[in-house]
Structures are given as structure tokens and as C-alpha cells.
Amino acid sequence: MSGFTDWAQTVADSEDAADFQSRVTDSENVSMWQSLAFKPNYKAAYCMAVCPAGEDVLGPYLEDRRGFLGNVVKPLQDEVETLYVREGSAAKAYAERRFPHKPVKEVDGGYPRR
């Protein structure tokens, strides 16, 4: 689960609760808790909501594409939330360019740093 290793390392490296709270926001903690409590696929809900690949969402998308984009995609794009990206990745560059209102946090996703 992307970001979990970084979050766990931050917990372990923090000197005390105040130090931890200075490193990780309440919303990041809630997001991690939700992911742990509701299976790792929880964060995939955003992707699933905006991708008309599944049969259960294909109908509403095909019936009213503009409405779907306005009611589902646009609110997700406008939401201020932390985006987790790999250092130096194309995703990081895209996120910073396309969503300047969203904070970007680099994570290693559990992969060793080079």
C-alpha cells in the first residue's frame, strides 16, 4: 500500500506524539486508518469513481458524460488533498503542474531508495 511504509517509519522515528503530529497531518492519519480498516483497495475508490471501465458505472457515464464529469470527476479534481508520489516520477511532475492546489508528498512506496 503506497505510503504505508513511509507512515510507519515516521511513527517509529518520531520522538513523541508532538513530534509525530508535526510530521503527519490529522487528515493523513485518518486516510491511512481508512485504508487499513477498509482494505487497501479503499483508495482505489477515487480511480474507480472516475473510470468508466466497470460495468456498474459505465451506464451513468454513457448516458450523461458531461454530467458524470461535472458530478464525479470535477469535485475529485477540485478537492484539496495530499497526493502521494514517488520522488522524480512523472506522476510528481504531473501532479504539481495539473493540481497546484493539492499538496504533494514524496513516498517510496516501500521500495528501497536508489
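Laboratory data are not the source of any read-out in this text; all were calculated from the coordinates shown. Just so it is clear, the model here is predicted, and its values are computed rather than measured. Note that we place each Cβ from the backbone using ideal geometry, even for glycine, and neighbour counts take in every protein chain shown.
Where does the charge balance sit around PRO100 when Lys and Arg score +1, Asp and Glu -1, over other residues with C-beta under 14 Å from its C-beta?
Details: positive: LYS92, ARG97, ARG98, LYS102; negative: ASP78, GLU79, GLU81, GLU96.
Overall, the nearby charge balance is 0.
For ARG23, what charge total do you get from the other residues with a beta carbon under 11 Å from its beta carbon, if Lys and Arg give +1 and Asp and Glu give -1? Write out the running numbers ahead of the final one.
Working: positive: LYS105; negative: ASP6, ASP13, GLU15, ASP19, GLU28.
In short, -4.
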